[in-house]
Amino acid sequence: MKNLTSQQVTTLLIGSGIAAFFTLIAIFGPWIAPGDAETMHFTHLKQGPSSEFLLGTDRFGRDVLSRLIIGTRTTIVIAASSTALATVLGTAIGLISAYFGGRVDGVVMRLNDVFIAFPTLVFAMFVIGVLGPGIVNGILVIALIFTSSIARVVRSAALGVVILEYVDAARIRGETILFILCKEVLPNLYPTIIVEVCIRFGFAILVTASLSYIGLGPPPPMPDWGTMASEGRSLMLTNPWPVFAPCIAIVLLVVGINFLGDGLRVLLVARRTGHLGSTA
Amino acid sequence: MMAVQGVGNPHETPALAFHDVTISFQTKAISSPVVRNATLTIAPGEAMALVGESGSGKSTLAYAAMGDELNGARVISGRVEVSGTDISTLSGPMLQRLRGGKVAMVPQDPMTSLSPSLRIGRQLYEVLSLHRGLKGRPLEDSASEALRLVDLTDVPRILRSYPHQLSGGQLQRVLLSLAMAGQPGLLILDEATTGLDVTTEAHILELVGRIQRETRTSVLLITHNLGIVRRFCQSVAVIYFGDIVEIGSVEAVLNHPAHPYSRALLDCIPPIDSHITGQRLPTIDGAIPRRTDMPAGCLFAPRCQRATDVCSERVPELRTISPGYLARCVYAEDELASMLRSPRDTLLNERDSSSVHRPIPLLEVKDLVVTYQSGRNRVTAVNKISFSCNRGEVLGIVGESGCGKTSLARCIVGLIEPKGGQIVFDGQELTGYGLRRPHPLRKSVQMVFQNPQSSINPQHTVEQCLMRPLVLYELVVRKKRRDKVVELLESVQLGSEYMGRYPHELSGGELQRVAIARAFSSDPDLIVCDEPVSSLDVSIQAGVLNLLMELQQKNKVSFVFISHDLNVVRHVSNRITVMYNGRICEMGTPSELFVPPYHPYTEELLAAVPMVGVRKRKVIPTGNPSRYTTTTDTPCCQFSGRCPRYLGMICDKSVPPDKFTHSERHLYCHIPLKELESMEPVLEKVVE
């Protein structure tokens, strides 16, 4: 910490604060929420904020604040687990591709290109069409979509590391490929991976929202931020809160996670190289 | 104004003059000086060398001469004059005319100094039209002429080329022609030849010398290599941590330095004379002080053997010792009086072939071929090389970059697979590479790399780095591993306090010591050292070399020691192999190699290597490097294209025979042995 500038410490603190805040809400949501997320108050349709409903109600008269709080868990679970899955898969693919190079690299990366060229939502609709909608399938689809981009980033960062002499030294020692990849190469990529993960996490929330919007998200009436935003969209001009509230939550969480990632990266870079990297 | 150096007319306006110049980094709170009170003058037509370790402020000084700020270091007091003009009075456009027009610089790295996306011609036209106002036909003509001036052949092709299409030597020539294009009065070479091969370096310096004499251009040569100073410059300034500590003629400074620092630097260079090998090189103790922790008195005092209380109390003046000769030391006269060089301690054993009793071959390489794919072409890096390295022996391999020495090293340690031939280690043939090698063999062959920064994982502490081989090979029981790591660290003269440090907290020299400890940790039989000291400063080089050789003798390890530096290889090796273009030219003990008969390539190498303390034969035939041929699989002498003693078709059509039948000495050449033996020796020791 002592190597960081005060601005970087602030970034780290804000980031971790926001992340902790949302994590707590995700865990304790059902106990914190002022009301029930699914109860429809037919006498209070499309209301603005009031003392009874702090963020107003949507067109079915459901409490926006309660839905927002309850929906946090779904949203974070989907985004976090899909990002985690994508990171593990993508890192493994990227490392292997960079280390072996040549034909392995060529095949893996061309497959990757095909994947990236394929429109995300078309792919998602295809997979969910086959597997059926649901949280688990949603996670799988988003993870698959992000795997290729993480693999690409990890590969290009790893390419600069696998040629270094300490990797040669490990090979001369007779280390296994698993050891070289995990202990010699991977730790040098953490700063890059962290940044990529944070960006993907933000996108994961947005993709979840998109999937919900085209009706392939978590089945209703279970609330999640994306579904909330898309449901309220048609009445946004007269009843903005059901859209604004989840949007603000998404922005806040994504910004917070990126702050956290940036701070962690700087912390890692500073500890192991003695200077503060400006970019990954 | 005082004329400091003995060269040139003192009444002539100097090409460059520094008057009491202090250059400093300015941040909000602090100002830390990089160069303090520098005073020097360079007369028209004079070549002055500026010598010092990295971080001593050499480049900062050079940038100040161009009115530029290196990394934001500014001249805060004093005056910099170029041809009598105080450059602080110049405005933007006038400064621009000064740069390139009056002062020009040739930087160190040609690859980053030329724009990769513009053709050479375009970059040359720009300078010519800016400084000479040329256009159209005359512009093209003078561009061609500028390239011809620097001995480049095939000018039209070079004008059309992009930088990546040219070799390092060609690029450095292009940079030189760019610098000369504005017809400057002062040429600054900032380590301009450091990255080049010795022979290319020699050609380029010769060229600069010719230009300097013909056009009376002054030259400021920044270098850490004292050898090239002697050959090329008339005067020399030695700079230590921002202070010019000694300034005078080359003869004075290099033959009998008055400042202990200059003497120590000279002593660090491995001696070329054959009787001294196998001895410890003197080293400079300690390290350059930190900027935050400046000594009160003489900056060199903490490392100086002569230092007394006086030295640490006040800063010594740069004072005149004899006309045109200044030194910044209280004891300069005493230093001059004690002309005897400090005696060198001997190592445990005298290093000579005879010290390797009853040679038992450890490593045998037979007809080894290494090829690699470069785009669509297959390049043969190592072409049917055979040699052996005995137990406890240091086998030096010397050659230019691209001669295949690194490919050879990587093949021996099992990083790349040979295309043909055999590697026999300890009677066992090594097939396959890396993990496919049997377990005990992996342990017994280790490697020390050139660049310590990239050979140790920045994510691991020193302890983790040294612990790993112990764990992997299960050499030491778990409880004693930590003690073993401490022991290893102590064997490379580092304390246990280094255990928890990360590589970025260590200097280059310390890192290389850790890398050496790692190589020795598995108690190997063979260590391949690939340019282990090339990236280190001279003063640090000596310490690391001493350490390597001490450990080698103590542990009875064999070394395959690869370097482009003939001085270093000469110092450490029992036998030396000279490689050119993937083939062995000559092989023998150092004493055999340094006297005739020479292979023509060895002769050229010896002539090109900068050395201190020897006089060289005046006339040395040199081949034309532009006749350089790439490796081919057709039978021929690889050196024929460049050979100054080229015989004719026989050299192009058949593989040269070995002139010796003796198993330890080889010389592959078509020239009759009689003729080779009658060559005049290249080196002659200077009797001091």
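Read the figures in this text as sums done on the coordinates, not as results from a lab. Because the structure is predicted, anything quoted here is derived from the model rather than measured. A quick note on method: Cβ atoms are made from the backbone with ideal geometry, for glycine too, and the neighbour counts reach across all protein chains shown.
Key figures for this structure:
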| quantity | calculated |
| --- | --- |
| Net lengthening on full extension, residue B:162/residue B:677 (0.36 nm per residue, minus Cα-Cα) | 180.9 nm |
| Percentage of interatomic Cα-Cα distances in the stretch B:367-504 larger than 21 Å | 56 percent |
| Full-stretch length increase - residue B:384, residue B:137 - with 0.36 nm per residue and alpha-carbon distance subtracted | 83.8 nm |
| Computed over the stretch B:427-567, the ratio Rg/Rh where both radii use C-alpha atoms and Rh is Kirkwood | 0.95 |
| Distance histogram in 10 Å bins (all Cα pairs of the stretch A:153-280, percent per bin) | 12, 28, 23, 18, 13, 5, 1 |
| Under-5 Å amide H pairs with residue B:246, H placed in peptide plane, nonlocal only | B:238, B:328 |
| Cα pair distances exceeding 20 angstrom across the stretch A:1-98, given as percent | 59 percent |
| Per-residue HN-Hα couplings for the stretch B:485-490 [Karplus 6.51, -1.76, 1.60; θ = phi - 60°; Hz; x = Gly/Pro] | 4, 4, 4, 4, 4, 5 |
| Computed magnitude of the charge dipole of the stretch A:30-142 (debye, nearest 20; Cβ of K, R +1, Cβ of D, E -1) | 180 debye |
| Calculated from backbone phi, Karplus (6.51, -1.76, 1.60) coupling profile of the stretch A:239-250 in Hz, x at Gly/Pro | 9, x, 4, x, 8, 4, 4, x, 5, 4, 4, 4 |
| Dimensionless Rg over Rh [the stretch B:108-186; C-alpha; Kirkwood] | 0.93 |
| Dipole of the protein assembly as shown, positive direction: furthest Cα of B:91, B:34, A:232, with charges on the beta-carbon | A:232 |
| Ellipsoid equivalent to the stretch A:75-132 - semi-axes via the Cα gyration tensor, in Å | 25, 17, 8 |
| Cβ-defined net charge surrounding residue A:75, 12 Å radius [Lys, Arg +1; Asp, Glu -1] | +1 |
| Using distinct alpha-carbon pairs, which all enter the 1/r mean, Kirkwood radius of the protein assembly as shown in Å | 32.5 Å |
| Angle in degrees between helix A:120-131 and the longest Cα principal axis of chain A, rounded to the nearest 10 | 80 degrees |
| Within the stretch A:32-123, chymotrypsin sites (Phe, Trp or Tyr not before Pro) in DSSP loop having at most 11 other beta-carbon neighbours inside 10 Å | A:42 |
| Mean residue ellipticity (222 nm) of chain A, computed from DSSP H runs ≥ 4 via -39,500 (n - 2.57), nearest 500 | -24000 deg cm²/dmol |
| Inverse mean reciprocal Cα-Cα distance (Kirkwood Rh) of the stretch A:126-179, Å | 14.1 Å |
| Quarter of the Cα convex hull surface for the stretch B:520-592, i.e. its orientation-mean projected area (nm²) | 5.5 nm² |
| Rounded to the nearest 20 debye, dipole of the stretch A:161-252 from Cβ charges on Lys, Arg, Asp, Glu | 100 debye |
| Value of [θ]222 nm, deg cm²/dmol, for chain B, DSSP H segments ≥ 4, -39500 (n - 2.57) each, nearest 500 | -9000 deg cm²/dmol |
| Reciprocal of mean inverse Cα separation for the stretch B:4-144 (Kirkwood radius, Å) | 17.1 Å |
| The stretch A:5-46: translational diffusion in µm²/s, Stokes-Einstein, Kirkwood Rh over Cα pairs, 37 °C, 0.692 mPa s | 251 µm²/s |
| Filtered trypsin sites (Lys or Arg not before Pro), the stretch B:552-613: DSSP coil and at most 14 other beta carbons within 10 Å | B:556 |
| Dipole moment magnitude, nearest 20 debye, the stretch B:125-201 about Cα centre, only Lys, Arg, Asp, Glu C-beta charged | 380 debye |
| FRET efficiency for residue A:213 and residue B:112, using Cβ-Cβ distance with R0 set to 51 Å, rounded to 0.05 | 0.55 |
| Pair-distance profile P(r), taking every C-alpha pair of chain A, with 10 angstrom steps and integer % | 7, 24, 28, 22, 12, 5, 1, 0 |
| Whole-Hz ³J(HN,Hα) from phi, Karplus 6.51 cos²θ - 1.76 cosθ + 1.60, for the stretch A:86-97, glycine and proline x | 4, 5, 4, 4, x, 5, 4, 5, x, 4, 5, 4 |
| Hull shadow area, averaged, chain B [alpha-carbon convex hull, nm²] | 32.4 nm² |
